[in-house]
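The values are calculated or read from the model by the stated rules, or taken from the named source; none is laboratory data. Computed from a prediction, not measured in an experiment: that's the story for all the values here. Heads up, the Cβs are rebuilt from the backbone with ideal geometry, glycines too, and the neighbour counts pull from every protein chain shown.
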Amino acid sequence: QDARKHNRLSLVLCPNVMLCEQVVRMANSLCNDSGTPLLSIAAVCGRQVWPVKEPDVMVSTPAALLNYLYSIDPE
């Protein structure tokens, strides 16, 4: 079954932006035989903002994730 039908989201937390970028590059390199990416991946760290379309995998630093969550609900 297609995992996207179940609205699953994996979160990868990295200690810094440089490692986030490396994880995104490696995940984007995972393709099927026709060259289509196996996963959609988005990073929320540094200058990247929260993605409009929900990805399969979200990569973030803890600080960027907390900043986003506090911007939604300061409590």
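Would you check if there is a residue in region 56-71 being surrounded by fewer than 15 Cβ atoms within 10 Å (Cβ to Cβ), more than 11 Å from the chain's Cα centre (by Cα) and outside any helix (DSSP H, G or I)?
no
Among what's in region 1-37 and is in a strand (DSSP E or B) and at pLDDT 90 or above, pick the residue that is farthest from Val59 (Cα to Cα).
Looking at the filtered set, the residue picked out is Cys31.
Of a type in the set (Val, Ile, Thr) and either surrounded by fewer than 19 Cβ atoms within 10 Å (Cβ to Cβ) or in a loop (DSSP other than H, G, I, E, B) (or both): is that true of Val49 in this structure?
yes
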